[in-house]
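Structure first, then comments.
The values are calculated or read from the model by the stated rules, or taken from the named source; none is laboratory data. All values reported here derive from a predicted model rather than from experimental measurement. Here the Cβ positions follow ideal geometry from the backbone for every residue, glycine too, while neighbour counts run over all protein chains shown. With ligands, DNA and RNA removed, areas are computed over all heavy atoms of the protein, side chains included. Shrake-Rupley method; radii C 1.70, N 1.55, O 1.52, S 1.80 Å.
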Amino acid sequence: MNRGSYLILNNERLADGVFEIVLEAPEIAARAVPGQFVNLYLPGGAMLLPRPLGIADVSPPRTVTLVYAVVGAGTERLSQLPAGRRICAMGPLGNGFLAKIRFTRLLLIGGGMGAAPLRFAARRFREPVHSELYIEAFLGFAAEPWGLASFGAACDHVHVASDTQGAAAFHGTVVDLLEKRGRFCSSPGAGGTLALACGPMPMLKAAAAWCEARGIPLRVSLEARMGCGYGACASCTCETTAAQRKKICTDGPCFDAEEILW
Amino acid sequence: MVSKRLPIDVDICGVHWKNRVTTASGTFAVQKRSRFYDPSQLGCITTKGVSPEPWPGNAQPRVAETYGGMLNAIGLENPGVDSYLEGDLPQLKRRGAVVMANIVGHAAEEYCAVAEKLAGSAVDLLELNISCPNVKEGGIAFGTDAKTAAALTARVKRAAGEKPVIVKLSPNVTDITEIADAVVDAGADGLSLINTLIGMRIDLKTGEPILANKTGGLSGPAIHPVAVRMVYEVRRKLPRVPIIGMGGVMTGADAYELLLAGADAIAVGTAALADPLAPVRVAAELEAYLSKNE
């Protein structure tokens, strides 16, 4: 893991209240895997705690892309930092999706900002070594969708649920979307399929139940309010089937869905 | 600049620290491999509060940022003393660290049970936590009344055998010197101060407290002047007791200020959550201050 001051190459609005920041961070870019996150530290000293953001893309050998929603004073300040400035960052942090099973079909299930790490996963799994892989994304947005072009480029199919789009759009939850539009998943014998999900806890819980009912292994990336993001403060622990509670920042953020006590 | 002639290293209750910097409890991650620095680089590593049995801690959210600081209400989540004796402690000792174990309990018997188990261990010092504001029983309930604090100190001292017992004091009292005096009378070998100040933040959208526990402990640079004042007051009342000063130390200058106030050593806490390397950076900066004044 690296901590340092990195050049902001771009920091622009993607959708209403959603921004994308691109850092020139070769050390982080070289080591990042999908599902990991980066801590950003705001300048000034009044806001001390890091903003842990899932890695939305990496372009080796130099750049790391993070997507964030403006939800408070810290992310508001972050959205105002112009390209050309430097920002302190630490990463990559956390374990990543790291699926150990063999799969030929990849199901990406994302809600809101949870789409960010899935975007990196889609791109990375689309690389030549995985070219036979069939990738289908199911994305739910409570507000304006974002990043669909990147998903479109990396996935065989992209399905979107959004309550703010017109009558033609799918209205409902991302799990409703899976149920209605999932092509291969509802067929018997979904073997060889792996699902990755990231988003708010209720969405993940519903996705876990949906996948379990169909025998599809699922890796989830948990969102949590973190203190340090590197395992020191115990702010973000969760209860799992293991005897000890686990730290989302260092034991996760990605877990097998069956490890989590929903 | 006012000079204070102090060596870089220090003896705290008979235990040699190579420098005057430790970690504040609950802010250091013990790992199999050192990701950030070797723990033997600091005078001492103070580990997170340990209880006789595993504690799950409080509901989430457990942290909230504040201007120049943060609130936490972790609730002393820890895997229990047996896990500590098998895991964190031997790992730190193998790497040559001086270790102070912060100990917690819901009742005097629980504090004593932890102290008894640690009495025969490789731990160097015990830090008796009577000041955590985030647990309903124990913690601060022992630290805000002089008689209760003294009685607990005396019992834990007996349970701890040869291990020096440092009592960590709460700033959430009218007169911290009264508690300091009482625990030293009861046998405390040293004092740590200050723990966090009780605070609250409210979510403007919901009108509800941000923390699930409603209140939490305020730490970070915002509380540094309170720490300086309290160390100063306790030092005036108790000229000889070893004092570890803590509260919002971000830099070597902050650390040096606490030494000028009367502390013998200092702890770095919240700064380490913002930068894992803060404790070793503060140690290097403090060394520069002390060398300048030799």
Checklist line | Filtered residues of region A:60-99 (kept if under 24 Å from A:CYS236 (Cβ atoms) and in a loop (DSSP other than H, G, I, E, B)) | finding: A:VAL70, A:VAL71, A:GLY72, A:GLY94, A:ASN95, A:GLY96, A:PHE97, A:LEU98, A:ALA99
Checklist line | Elements of type helices (runs of 4 or more DSSP H) contained in region B:104-190, each with 3 or more residues being touching a residue at least 24 places away in the same chain (Cβ under 8 Å), open to solvent by 10 Å² or more (accessible area, probe 1.4 Å) and out of contact with any strand residue (DSSP E or B) (no Cβ under 6 Å at 6 or more places or on another chain) | finding: B:108-119, B:146-159, B:176-185
Next item on the list: Starting from region A:81-95, keep only residues that are within 22 Å of A:GLN36 (Cβ to Cβ), then list their pairs with residues that are open to solvent by 40 Å² or more (accessible area, probe 1.4 Å) whose Cβ atoms are within a distance under 6 Å, requiring at least 6 positions of separation or different chains.
Entry: A:ARG86/A:SER5; A:ARG86/A:LEU7; A:CYS88/A:SER5; A:MET90/A:ARG3; A:PRO92/A:ARG31
Notebook entry, point to check: Take the residues of region A:190-210 that are in contact with a strand residue (DSSP E or B) (Cβ under 7 Å, 6 or more places away or on another chain) and within 18 Å of A:GLY172 (Cα to Cα): which is surrounded by the fewest Cβ atoms within 10 Å (Cβ to Cβ)?
Noted result: A:PRO200
Check: Which residues, counting only those in region B:75-87, are open to solvent by 10 Å² or more (accessible area, probe 1.4 Å) and in contact (Cβ under 8 Å) with a residue 60 or more places away in the chain?
Finding: B:LEU76
Checklist line | Those residues of region A:43-65 which are touching a residue at least 40 places away in the same chain (Cβ under 8 Å) and within 14 Å of chain B (Cβ to nearest Cβ), in sequence order | finding: A:PRO43, A:LEU49, A:PRO50, A:PRO52
Next item on the list: Specify the residue that is nearest to the other protein chains (Cβ to nearest Cβ); the eligible residues are those in region B:16-34 that are over 24 Å from B:LEU76 (Cβ atoms) and touching a residue at least 12 places away in the same chain (Cβ under 8 Å).
Entry: B:SER34
Margin query: Restricting to region B:35-54, name every residue that is in a loop (DSSP other than H, G, I, E, B), more than 10 Å from chain A (Cβ to nearest Cβ) and in contact with a Leu (Cβ under 9 Å, 6 or more places away or on another chain).
Written below: B:TYR37, B:SER51
Checklist line | Residue that is nearest to A:PRO50 (Cα to Cα) [pool: residues in region A:1-26 that are within 14 Å of chain B (Cβ to nearest Cβ) and open to solvent by 50 Å² or more (accessible area, probe 1.4 Å)] | finding: A:ARG3
Next item on the list: Give the residues of region B:9-40 that are farther than 26 Å from A:ALA234 by Cβ and loosely packed, with under 15 Cβ neighbours inside 10 Å, sorted by residue number.
Entry: B:ASP9, B:ASP11, B:GLY14, B:HIS16
Notebook entry, point to check: Within region B:55-77, how many residues are within 8 Å of chain A (Cβ to nearest Cβ) and under 17 Å from the mean Cα position of the chain (by Cα)?
Noted result: 5
Next item on the list: Looking only at region A:48-63, decide whether some residue is within 18 Å of A:CYS198 (Cβ to Cβ), open to solvent by 10 Å² or more (accessible area, probe 1.4 Å) and among the acidic types (Asp, Glu).
Entry: yes
Item checked: Flag if A:ALA115 is assigned by TED's automatic domain parsing to the domain that holds A:HIS171 and not in a strand (DSSP E or B) -> yes
Next item on the list: Would you mind telling me which numbered condition in (1) open to solvent by less than 20 Å² (accessible area, probe 1.4 Å); (2) in contact with a helix residue (DSSP H, G or I) (Cβ under 6 Å, 6 or more places away or on another chain); (3) not in a loop (DSSP other than H, G, I, E, B) A:GLY35 fails?
Entry: (3)
Notebook entry, point to check: Among the residues of region B:101-151, how many are of a type in the set (Val, Ile, Thr) and closer than 17 Å to B:PRO54 by Cβ?
Noted result: 4
Notebook entry, point to check: Hey, among the residues in region A:135-187 that are open to solvent by less than 20 Å² (accessible area, probe 1.4 Å), out of contact with any Cys (no Cβ under 8 Å at 6 or more places or on another chain) and assigned to a strand (DSSP E or B), which one's modelled with the lowest pLDDT?
Noted result: A:SER162
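Listed here are the residues, each with its yes/no results for (1) at pLDDT below 95; (2) within 11 Å of chain B (Cβ to nearest Cβ); (3) under 19 Å from B:TRP55 (Cβ atoms); (4) in a loop (DSSP other than H, G, I, E, B).
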position	(1), (2), (3), (4)
A:ARG225	yes, yes, no, yes
A:GLY229	no, yes, no, yes
A:ALA232	no, yes, yes, yes
A:SER235	no, yes, yes, yes
A:GLN244	yes, yes, yes, yes
A:PHE255	no, no, no, no
A:TRP262	yes, no, no, yes
Next item on the list: Look through B:GLU294, B:GLU287 and report the one residue that is over 20 Å from B:SER170 (Cβ atoms), modelled with pLDDT under 95 and away from every other protein chain (no Cβ under 14 Å).
Entry: B:GLU294
